[in-house]
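Asker: Below: one structure in structure tokens.
Values in this text are rule-based calculations from the coordinates and carry no lab data. Only a predicted model underlies this, so the values are computations on that prediction, with no experimental measurement involved. Note that each Cβ is placed from the backbone with ideal geometry, even for glycine, and that neighbours are counted across all protein chains shown.
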Amino acid sequence: MRILVLHGPNLNLLGKREPEIYGTLSLDDINGALEALGAEFEAVLGFFQSNSEGALVDAIQQAPEKYDGILINPAAYTHTSVALRDALAAIGLPFVEVHLSNIHRREEFRHHSFLAPLALGQICGFGLDSYLLGLRALFNHIKN
Ligand code: DQA
């Protein structure tokens, strides 16, 4: 099984960026932990981070050629991007939406996700564990 891990804007700054909200792990730390869990499942993971909405749309459009599902932290585009939603709807691959922070107990503009209605599920508020739980759920869904 192959899973694409997508990270949205500003997640390249993890570790330095508002650590009181997002923690001190870097994006490489998160990707490393995902890779280790993926190896337990014998899943092959691909990773892509971009600050550009268009680059993320391109990655989603190309995903069905290589991947069985997508684990995505759309970051700020969660709350703004019809384009990401439409791309995910177009390809139809199963995906799980994750967030490090609990977006539902933050500012009101973060409460809405354009992507969540299409997702298998949304996991937020658990830092690295949001990603690990999301990967596990996506893997089990695809396997079954
Ligand atoms: C985030 C939450 C978003 O609201 C925010 O814009 C981010 C990160 C999270 O992982 O908690 O950039 O997706």
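Asker: Tell me, 103, 21, 70 in order of fewest to most beta-carbon neighbours within 10 Å? Kindly include the intermediate steps, with their values, before the conclusion.
Answerer: Values: 103 20, 21 11, 70 23.
Least to most surrounded, the residues fall as 21, 103, 70.
Asker: Apply 1/(1 + (r/R0)^6) to the Cβ-Cβ distance of residue 144 and residue 29, taking R0 = 30 Å, and write down the FRET efficiency to the nearest 0.05. The partial results should precede the final answer.
Answerer: Values: r = 30 Å, r/R0 = 0.99.
Plugging the Cβ-Cβ distance into 1/(1 + (r/R0)^6) gives 0.50.
Asker: Assigning unit charges at the beta carbon (Lys, Arg +1; Asp, Glu -1) and nothing else, what dipole magnitude in debye, to the nearest 20, does region 2-143 show about its Cα centre? Kindly include the intermediate steps, with their values, before the conclusion.
Answerer: Numbers: 10 positive and 16 negative charges, 40 e Å.
Value, rounded to 20: 200 debye.
Asker: For 24, 78, what ranking results if the residue with the fewest other Cβ atoms within 10 Å of its Cβ goes first? Kindly include the intermediate steps, with their values, before the conclusion.
Answerer: Details: 24 11, 78 23.
The most exposed by this proxy come first: 24, 78.
Asker: Among 5, 44, 98, rank each residue by its count of other Cβ atoms within 10 Å, from fewest to most, as a rough exposure measure. All intermediate terms of the calculation are to be shown ahead of the outcome.
Answerer: Values: 5 24, 44 14, 98 28.
The most exposed by this proxy come first: 44, 5, 98.
Asker: Let me ask you something else. Quick check for you: which residues of region 1-34 have the amide N under 18 Å from the point 7 Å beyond the Cα of residue 52 toward its beta carbon?
Answerer: Zone members listed by number: 6-13.
Asker: Let me ask another. Along the three principal axes, how long is region 73-144 when you take its alpha carbons, biggest first, rounded to the nearest angstrom?
Answerer: Here the spans come out as 37, 28, 14 Å, largest first.
Asker: Let's test the formula: R0 of 30 Å, r as the Cβ-Cβ distance of residue 80 and residue 105. What FRET efficiency results, to the nearest 0.05? List each step's numbers first, then the result.
Answerer: Values: r = 20 Å, r/R0 = 0.66.
Efficiency, from the Cβ-Cβ distance: 0.95.
Asker: How much length would be gained if the chain were fully extended between residue 61 and residue 120, taking 0.36 nm per residue of separation minus their Cα-Cα distance, in nm to one decimal? Could you put the intermediate results ahead of the total?
Answerer: On the way: separation 59, 0.36 × 59 = 21.24 nm, distance 1.83 nm.
Using 0.36 nm per residue and subtracting the Cα-Cα distance, I get 19.4 nm.
Asker: Round to the nearest 0.05 the FRET efficiency obtained for residue 91 and residue 39 when R0 = 25 Å and r is the Cβ-Cβ distance. Before the final figure, lay out each step's value.
Answerer: Working: r = 26 Å, r/R0 = 1.02.
In this case the efficiency is close to 0.45.
Asker: If the chain between residue 13 and residue 136 were fully stretched, how many nm would it gain, using 0.36 nm times the residue separation less the Cα-Cα distance?
Answerer: Numbers: separation 123, 0.36 × 123 = 44.28 nm, distance 2.50 nm.
Residue separation times 0.36 nm, minus the Cα-Cα distance, leaves 41.8 nm.
Asker: Evaluate the relative contact order of region 34-142 (contact order divided by residue number), counting alpha-carbon pairs under 8 angstrom at least 6 apart; express in whole percent.
Answerer: On the way: 148 pairs, mean separation 30.3, N = 109.
RCO, region 34-142: 28 percent.
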